[in-house]
Each structure stands twice: as structure tokens, then as C-alpha cells.
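I have placed the structure first, in the form of C-alpha cells, so that the comments after it can refer back to it.
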Amino acid sequence: MTDPTSLTLAQARDALRAKTLSSVELTRAYLDNIGKAKGLNAYVEVTADKALQMAAASDAKFARGEGGPLEGVALGIKDLYATEGVHTQACSHILDGFKPQYESTVTAHLWRDGAVMLGKLNMDEFAMGSSNETSYYGPVASPWLPPNWDGARAKAALPGDKKGLLTPGGSSGGSAAAVAARLCVAATASDTGGSIRQPAAFTGIVGIKPTYGRCSRYGMVAFASSLDQAGPLARDMRDAAIMLTSMAGHDPKDSTCYDAPVPNYEAAVGRSVKGMTIGIPREYRLDGMPAEIEALWRQGAEWLKAAGAKVVDVSLPHTRHALPAYYIVAPAEASSNLARYDGVRYGLREDGGDIIGLYERTRARGFGAEVRRRLMIGTYVLSAGYYDAYYVRAQKIRTLIKRDFETVFAEGVDAILTPATPSPAFGIGEKGSADPVEMYLNDVFTVTVNMAGLPGLVAPAGLSSAGLPMGLQLIGRPFDEETLFSIGAALEQSAPKLAMPDAWWA
Amino acid sequence: MTNEPNRLIKGATGDWEVVVGLEVHAQVTSKAKLFSGASTAFGGEPNAHVSLVDAAMPGMLPVINVECVRQAVRTGLGLKAEINKRSSFDRKNYFYPDLPQGYQISQYKSPVVGEGEIQVDLTPEYSIKVGVERLHLEQDAGKSLHDQSPTQSFVDLNRSGVALMEIVSKPDMRSADEAKAYVTKLRTILRYIGSCDGDMEKGNLRADVNVSVRKPGAPLGTRCEIKNVNSIRFIGQAIEVEARRQIGIIEDGGVIEQETRLYDASKGETRSMRSKEEAHDYRYFPDPDLLPLEFTDDFVEELRAHLPELPDEKKARFIGDYGLSGYDAMVLTAERETASFFEHAALYGGVQRDAKAVANWIMGDLSAAANANGVGVGEAGVSAAQLAGLVDLIGEGVISGKIAKDVLALLLAEEKGSDPRALVSARGLVQVNDTGAIEAAVDAVIAANVEKAEQAKGKPGMLGWFVGQVMKQTGGKANPQSVNEALKRKLGLP
């Protein structure tokens, strides 16, 4: 019998429906894998009992001839999503012991559709990071071997500080590593500036950040409310489409959530891209960008041309302002969103004599260095006397970035093709320790999409000369995720199929 | 304006003018909080009315309660103010244990209601106009309890997230009396509209009072803000005390520092709470969790169409339709319930009776009885129908005004719910109009007081004494006018 964890979501779903596989079997297989992969540190909480209960319930439904679209499919959930009665800390010390009495809308949709929860996935603290190194629970190791490392050397590095191993990217590092290492069928993730798409590129899987408002933010621990959006990480285009179809949908509990029916995204996978127009934005060609990224990008355009699409050069003139503006808007909102973690009602409390002392000690000890840095940046840019110079200007830039995209789409462009990241995955401990901006630059191709509220999809497109995955990004019109899935599937068809790494960590 | 009172304050160096502006916080009447479904019921165990949103649990999001928006728009219409078709919410950031989110959601940049105006009557003849700068919606905070434990403070979040309207006046008031009258009038309007119950004891209406002083004609002085004053009387006291304090400082050669102060009613003084340097930087920015509020014309017009008659219009109508004096109309329209009671009584049974008499009874004996029980006129124990009956009995000459007072007292006590006409006849209180009987009583009184009758001829003022004696003799039932006439004739008075 084939290893059930080698099946894609669509394959597992079909096997479950055909009763050639039970959800309990599938779930046990994943729990076994998870048990052997502790060293990767992808999960911060494994809910084995709950998973098996849910799986048994799914099997009972199958026996009655029932079952939702995700019935019996075992998923990993980013620690950012509130899951009732289960560890929910956004991988921060300050939420120590927090178990919500409520369920996020996105996860509630997944359970409604029959999915099984394996546990909670590691992430950068409060989703602030691009390498999963800011997690209170420590870094996640990518299942991809560093260039010229063998499995034994890598395995030996797991118990320590993991230096030299590759990061799976961030902030959804646990989700990406878990999907790539077969520790779940698919995973939920979230994206504020690239936190779904950069990890997808680093680990050779598919990730989509849908249009702002497509998924409800209710029950997602907030980082930057105007940028945060839920999305899936999955093994291929079809799986990502199936996941998003369940995750998305209107929610009266989130005022910014879009009120329109959710299309069946899976139906868009495999649709012809013939006659579509793909834009190539010249401003995404950066100085010093590795030649192989540039070559991959050109290759991606060729594949789409071969599939019948028209490729045109487009201009998004304000692109270079996006990253600095993002690092004003996101910290500003975060500084306010994270004010509620004060030690008064839940989570960590460090007594400090009086209330000010309690605040200071709780927040100084509860937040990690990167979170503290962003809270200080955010507080600064909103302060009297600086607000106009920073926050207001950043919002103006945001409007200009949005307008850039509108102009291009108005000219008949269906989607925009860009590199996903300026480089393949880097090593744990390699970046950002001296200069945080070095880390921030990872998001240079992805933040524009959040700033404009557009959907962005990353598809694996090839390997670097060092054998590491590289991805391409597709940016679409608002609420036109279907086109992205169609074009993404065309890329997937043309690109060489990446062989996922063997389980050297087991 | 006539009879403009002298509003200046005498200082050692001459006259001073006080300038007052008010920020009134009015709790919106609604079943649920501004951004959560939790109840707004007053009282209840601490933290009994708290939703996940109110407690700022991770990942919780605010969702606007449209009923609160309607109330704000209705209030804006009542204040004859500009309704902003598009407004938005901002976050006001500061740390405090009873502020779970770490920010208050408020409307900083674009409020739901813009400029308006309130006519404030200080006397029936003298009124001022006070400009309204804006009205915006915001969340209330919870309550910190410092007296429950020697070492800890407790937090009650029942109020956390309750909707408030902040109504900001222009600095248009020039005395404590004007400020008190403004708050009184504003409270009346809110209660008419039903957007705030105005219950100051429960903290449902409270004010931040901005006070500065200047020499008449000089530019505005530096202001101090007195926070959270929770009764109209204290608002007046705080202004007077604060104005005196500022005048004292300036006359002693000092300068006023802009600061936030508190009024201590027990000591009758204001105290510094924090200086300008210690003022919070609230880091306002647009709340990204909420969409802007946008109204169609239809939405606003629908609310306008269902607005009740407002106090100014009602007062004018009472003067016009019922011939009431300005003063009576002002008093009767101060509470919507009183005005309604008046109209019911004045028009009971579809006939208009002596409205002035109805007004007098309401403002006199009935108000006294209501006040004694701490209730409104309508709840004093006499219905509009009973009052109408009573006034009719007087009008028809069935009872005298004096007897009517006794009848009212009975209706308020052991004869609750009785029909006044039936009561009067059952108790034999019908006025004696029989001339023969009255003359006999007059004759008897004169016969018993011959000496006094002689004196009265030269001292007509003694007539009153004789009237009293005759009324006594007839058990108060004699028609006083007939008694008067008979006495004058028999005593030989003009």
C-alpha cells in the first residue's frame, strides 16, 4: 500500500471517498511522521487525541454516505488561528497558556467541511519575521538540505541551535515546513507582507494570499489589520484551490470581509490560459538580483507564452517605495493591535509593584526582540509630530501603489508575473542579526501585493544551481483568484516537478 | 435680548469674563454595546455583560451596532446639526487596565455629526445660542475598583464598549448659569429624542468642562479642562471655583498652565490631574478593522421623518395653541412626559379646557407631590383624566379652588383612582350656590360679631376675615364669590 502521506489533498480526498483509505489511517500516518520530525520544530502543539477523534467522526460520516469537501483530511493550523480550547499563542511568550473559548472563522470553515486538526504550527512571533527565527518556540528547520550537506550532518544539527540548516521562510515557516516534509496534507497560513508566499517559494510548495477581505480575520491574532489575510500552503495548485474554497467566505463578525459567494476554485485549475495577458513589471528587476532568479522569471514568461498567453511589459512605477511604506504601516497598526497584551486579563503576567511596572515587565519579557522593535517603530511613526511625515506619507504611497496596479489591470492585463523572492532560502542565523533591514528585504516582491490588497500566488518553478527551490509570483485582480489558479496551474504543468526531500530528519 | 444679566466676575483688578466650553458624554440608549452584542444593562454583577470583543481577546474584531449610529444621527438632527454622510472611526491609544484593547475606538478626524446649535433659555425672556462643534460616537471604558482589596485593583468591564456620544460645544458660554442651562437643555433634547436617558446618577451623562478667564474684550485665555463632572450642580460649582482660581493666579502675577483638573465637590476645589507636559500622546490613526460609516439621503430622511416634536417647537406651540406664558411653556416642556401629561389633561375627552388652570395644577400641587416621591408628574398618582375632571369641576363652579386642593390630596392618597366628580358628590363637597343658605350664614356671622362689623365699615380690609368665618361656617363649600357679594352688601362696603 502507498504511504498515505505521499498523497496530495485531492488524492487523499478521493481515496477517502472511495473508502480505500480511512481518515484514521491517514491521520495516524501523519501523527507518525510528526512524531519522527520533532527535530524540525514545525509543530508547537500536536493534538493527537483530538485529531483521532475528528478522524473517527469523519470515518463515521463516510460510513453513512456523508462528508464535507474536506472530510477526513488532516491539516496543520498556524498558531495564529484561535482554536477553541487549544494552544493559541502566535508563538509568543506573552500569550503563555492562552487557550481561547472561541474558534476562528477560517478554522471553523475547515471543520465545517470535515477537516481534521493535527495541531498548531510554528511561526514567527506575531507573524513578524521572514525566517521563523523570531518564534518563542525556536526556529523551524526546512526539510530542504543546505547545499553540500548530507542528511547525517543535517540531522546532527537539529537538536542544537539549527545554525546552518535552512530556514523555511516566515512567518508561516512551520506551515511551509510541515507541508513540504509531509507532516500534514495542507496547512493554514497567513500573509501580512509575504508570510505565505516567501515560505512557499523557499520550500517548493504552493501558497496563495487571497484578496484582502476574501477570508475572515475573525479569530486570527492580528498583526496589521489592513494587510493581514489568511491563506493556505499546499503541495500543488489544486490542493491550494481546494483549501481556499473552504477557508474563504463572508463573515458578519469581520467588517472588512467581502460579501460575495466563494467560487469553486478547484474548477479553475486546468482552465486554459490561452489569450490571457501576463504583465512583466520592469520595476521588479532589481540591481544585484541573482542571475538565476532573473532567468527563472524569463523562463516562467516563456512557459506561459507557450501555453497561449500574451506576455507584455508593464510598469508599476511606485514599487520601490512599497517596502519602506510597508515598514511604517505594518508596525503602526501592530503597535496598536498588540497593546492588548498587557498582562491584565490573560497570558503572561510579570508583577512589577504597580500597574506601570506590571505593563513594563510583562511586555519587556513577553515580547521578543523583533516584536519590540516593530512596536517601537510603530509607536514612533504614530507619535505627534511624526505622524504626517511617516504614517500619512506611507498611506499616500499605498494609494499610489494601488493605482499603479489599477492602471495595469485597466490596460487589459489579467495577471502580473514576478519573482517570489530575491533569493532562494538562506540559513538559520545567517541574516538580520546585525541589520534587520537585510531580513526585511526578503519581502520586496511581496509587500506591494498586501499594500494594494490584491491576491498573490506563489508557484514552485525550479531549483537553483545549489539545488534549492525557487518560486514565481502571480498577482491578480481583486477577487480574481480563479485566474491565478488557472495561470498557476499552467506554470505547474510546464515547470519541472520538484522531488520533495527524503526524510533525513526521521 | 432683554434683561441680559451681568455675567462678569469682580476681581481685585476689575471685571473678568469666564469662557466655558463643554464636552458632554452621553450614553447612547441601545440594548447592545457599540461594537459588540453584549448587553448595556446597568448594574449586574461585575463583568457579567462582557463579550470577547469587550475583553479584547486575541483576534476579536469590532462590528458596528447600527442602532447606535441611528441614535447619533437622530441626535444630530435634534441639534439642527449637519449630518456627515461619511464618517470614520479612529483609535485613541493609551494604556489603562479598564481599557482592554489598549485603545478607545472613537471618531477623531471625521465625526458622524458636524456643527449645530442649541437655543438655551436662561429666563423666559432671555436666551442664548450655544454652538455645537461636533458629535461623535465612541466606546466607553470599563471601571477600575480600587477599594476592594488593600493590595490589588479590580476591573469591571460591564461598561467597556458601551456607546457614548461626545457632544462638543463651542466656547459660547459666559457663566456657570449658562453652562448649567446648556447642559439642562441638551439633556432635555436627548431625552425627547430618546437617544440618552440623561441619568447623571448612573453616569449616563457627564461632562468635561473647559474654563478660561479674560478681561472683557481680550483674546481667549489659557483653558483648563475639568474632567468628568457628573451633575449639573457640580458643573456650575466647578466653573465658579475654577474661574476664581484662575483670576486669583493672574491677579497675583501668575500665568495659567494648560492642564487637566478634577473637581472635588466635598472640598469645593479643583485639583491638577496632569499638566500639558504629562498629557498623553494618543497616537490617533484610522481603525483598520472598521469601514467608514456611509449614509444615503434616504437613511437620514427616514430618521428625520420619525423624529418627535422637539422642546423648542413644543414650547412655541404651547404658547400659541394654549395661550400659556413663556415661563409656563418652558417649565412644562422641560420633560417630554410632563408636556405630554399637560396636553392629555388639557385636551381630555376631545375638548379644550382652561389650559392655564391645567398648567397651574401641574406646576403646583402635582409637581410638589411628584417631587416628594422623586417621580415624574405622570407617575405622581393622578391621571391626566382625573386632573381634567378636577379642572372641569372648578370651571363649572361645582367646587371651589380650595376644595379642589383637598380633592387632589384625596386622589393622591386614600382615593387613588377615583373619579373626581363622583368623589366630590360622595363626600358632599359640592359647592353651595344656594343664595338663601349663604345669606343665612352671612347673617349669622355678622350677628355674632357686631363690633367687628362696625369696624369693617371704616376698614374694608377686614372683609377677608369675614369671608373666612363664613367659609368655616359652611364647611368651605360656599361659593366664595357669592359669599363676598353678600358680605359686601350687608356690611355696606363698596
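The values are calculated or read from the model by the stated rules, or taken from the named source; none is laboratory data. These numbers come from a predicted model, not from an experiment. Here the Cβ positions follow ideal geometry from the backbone for every residue, glycine too, while neighbour counts run over all protein chains shown.
Taken together, the residues in segment A:312-347 that are under 30 Å from A:Gln101 (Cα atoms), in contact with a helix residue (DSSP H, G or I) (Cβ under 6 Å, 6 or more places away or on another chain) and not in a helix (DSSP H, G or I) amount to 4. Residue by residue through segment A:353-387, note down the ones that are within 11 Å of chain B (Cβ to nearest Cβ) and part of a loop (DSSP other than H, G, I, E, B). Those that are within 11 Å of chain B (Cβ to nearest Cβ) and part of a loop (DSSP other than H, G, I, E, B): A:Gly353, A:Asp354, A:Ser383, A:Ala384, A:Gly385, A:Tyr386, A:Tyr387.
Of all residues in segment B:355-387, exactly one satisfies the criterion of being outside any helix (DSSP H, G or I) and in contact (Cβ under 8 Å) with a residue 40 or more places away in the chain, namely B:Gly376. Scanning segment B:39-81 for residues that are touching a residue at least 60 places away in the same chain (Cβ under 8 Å), assigned to a loop (DSSP other than H, G, I, E, B), out of contact with any Phe, Trp or Tyr (no Cβ under 8 Å at 6 or more places or on another chain) and within 14 Å of another protein chain (Cβ to nearest Cβ) yields B:Asn47, B:Val50, B:Ser51, B:Asp54, B:Ala55. Exactly one residue out of A:Gly114, A:Gly151, A:Gly174, A:Gly164 is in contact (Cβ under 8 Å) with a residue 24 or more places away in the chain and within 27 Å of A:Asp342 (Cα to Cα): that is A:Gly174. Once segment B:335-365 is narrowed to residues that are over 15 Å from the mean Cα position of the chain (by Cα) and among the β-branched types (Val, Ile, Thr), the residue that is modelled with the lowest pLDDT is B:Val351. Checking each residue in segment A:230-254 for being among the acidic types (Asp, Glu) and more than 14 Å from chain B (Cβ to nearest Cβ) picks out A:Asp236, A:Asp239. Residues in segment B:267-289 that are within 20 Å of A:Ala222 (Cβ to Cβ) and either in contact with a Pro (Cβ under 8 Å, 6 or more places away or on another chain) or more than 10 Å from chain A (Cβ to nearest Cβ) (or both): B:Asp287, B:Asp289.
Please tell me if A:Leu304 is closer than 30 Å to A:Thr8 by Cα, in contact with a Gly (Cβ under 8 Å, 6 or more places away or on another chain) and modelled with pLDDT of 95 or more.
For A:Leu304, the condition - closer than 30 Å to A:Thr8 by Cα, in contact with a Gly (Cβ under 8 Å, 6 or more places away or on another chain) and modelled with pLDDT of 95 or more - is not met.
Tallying residues that are hydroxyl-bearing (Ser, Thr, Tyr) and either at the interface with chain B (Cβ under 9 Å from one of its Cβ atoms) or more than 30 Å from A:Ile416 (Cα to Cα) (or both) within segment A:311-352 yields 4. Residues of segment A:79-103 that are within 12 Å of chain B (Cβ to nearest Cβ) and either part of a helix (DSSP H, G or I) or under 16 Å from A:Asp228 (Cβ atoms) (or both): A:Asp79, A:Leu80, A:Tyr81, A:Ala82, A:Thr88, A:Ala90, A:Ser92, A:Ile94, A:Leu95. Residues that are of a type outside the set (Val, Ile, Thr) and not in a helix (DSSP H, G or I) within segment B:411-430 comprise B:Ala413, B:Glu414, B:Glu415, B:Lys416, B:Gly417, B:Ser418, B:Asp419, B:Arg427, B:Gly428, B:Leu429, listed in sequence order. Cβ-Cβ contacts under 9 Å between residues 6 or more apart (or on different chains), taken from a first residue in segment A:255-271 that is within 14 Å of another protein chain (Cβ to nearest Cβ) to a second residue that is not in a loop (DSSP other than H, G, I, E, B), are listed as A:Cys257/A:Thr105. When the test is whether a residue is in contact with a strand residue (DSSP E or B) (Cβ under 6 Å, 6 or more places away or on another chain) and surrounded by 16 or more Cβ atoms within 10 Å (Cβ to Cβ), B:Val377 does not pass it. Select from segment B:429-459 the residues that are under 19 Å from B:Pro494 (Cβ atoms), surrounded by 13 or more Cβ atoms within 10 Å (Cβ to Cβ) and under 51 Å from the mean Cα position of the chain (by Cα) and list them in ascending order. Those that are under 19 Å from B:Pro494 (Cβ atoms), surrounded by 13 or more Cβ atoms within 10 Å (Cβ to Cβ) and under 51 Å from the mean Cα position of the chain (by Cα): B:Val442, B:Ala456. Against the test of being out of contact with any Pro (no Cβ under 9 Å at 6 or more places or on another chain), closer than 30 Å to A:Met470 by Cβ and within 14 Å of chain B (Cβ to nearest Cβ), the options A:Val73, A:Val106 yield a single qualifying residue, A:Val106. Identification of helices (runs of 4 or more DSSP H) wholly contained in segment B:305-354 with 3 or more residues that are among the aliphatic types (A, V, I, L, M) yields B:326-333, B:336-346. Within the group B:Leu324, B:Leu408, B:Leu390, B:Leu332, which residue is in contact (Cβ under 8 Å) with a residue 40 or more places away in the chain and surrounded by 18 or more Cβ atoms within 10 Å (Cβ to Cβ)? B:Leu408 is the lone residue from the list that is in contact (Cβ under 8 Å) with a residue 40 or more places away in the chain and surrounded by 18 or more Cβ atoms within 10 Å (Cβ to Cβ).
Out of A:Ser135, A:Ser190, report the one residue that is over 24 Å from A:Leu296 (Cβ atoms) and within 14 Å of another protein chain (Cβ to nearest Cβ). Going through A:Ser135, A:Ser190 in turn, just one is over 24 Å from A:Leu296 (Cβ atoms) and within 14 Å of another protein chain (Cβ to nearest Cβ): A:Ser190. Would it be correct to say that A:Glu103 is at pLDDT 95 or above, among the charged types (D, E, K, R) and crowded, with 20+ Cβ neighbours inside 10 Å? So A:Glu103 passes the test. Listed conditions (1) within 13 Å of chain A (Cβ to nearest Cβ); (2) within 26 Å of the chain's Cα centre (by Cα); (3) more than 30 Å from B:Met173 (Cβ to Cβ) are all met by B:Phe35, apart from (2).
Of the residues screened, A:Ala461 is not one that is out of contact with any strand residue (DSSP E or B) (no Cβ under 8 Å at 6 or more places or on another chain) and either in a strand (DSSP E or B) or within 25 Å of A:Asn41 (Cα to Cα) (or both).
Of the candidates B:Ala243, B:Ala238, the single residue that is in contact with a Ser or Thr (Cβ under 8 Å, 6 or more places away or on another chain), hydrophobic (A, V, I, L, M, F, W, C), in a helix (DSSP H, G or I) and buried (at least 19 other Cβ atoms within 10 Å of the Cβ) is B:Ala238.
Taken together, the residues in segment A:226-261 that are within 24 Å of A:Arg398 (Cβ to Cβ) and surrounded by fewer than 23 Cβ atoms within 10 Å (Cβ to Cβ) amount to 8.
Pull up segment A:11-51, narrow it to residues that are without any contact (Cβ under 8 Å) to a residue 12 or more places away in the chain and of a type outside the set (Gly, Ala, Ser), then point me to the one that is surrounded by the most Cβ atoms within 10 Å (Cβ to Cβ).
Out of the qualifying residues, it is A:Gln11.
Only one entry of B:Leu332, B:Leu303 meets the criterion of being at pLDDT 95 or above and within 30 Å of B:Ser87 (Cβ to Cβ), and that entry is B:Leu303. For first residues located in segment B:92-105 and within 7 Å of chain A (Cβ to nearest Cβ) and at positive phi, partners that are in a loop (DSSP other than H, G, I, E, B) and not charged (D, E, K, R) and lie 6+ apart or on another chain with Cβ distances below 9 Å form the pairs B:Gly102/A:Tyr341; B:Gly102/B:Ala56; B:Gly102/B:Tyr94; B:Gly102/B:Phe95; B:Gly102/B:Tyr96.
The listed residues are B:Leu186, B:Leu164, B:Leu205, B:Leu157, and the only one of them that is closer than 19 Å to B:Lys80 by Cβ and crowded, with 23+ Cβ neighbours inside 10 Å turns out to be B:Leu186.
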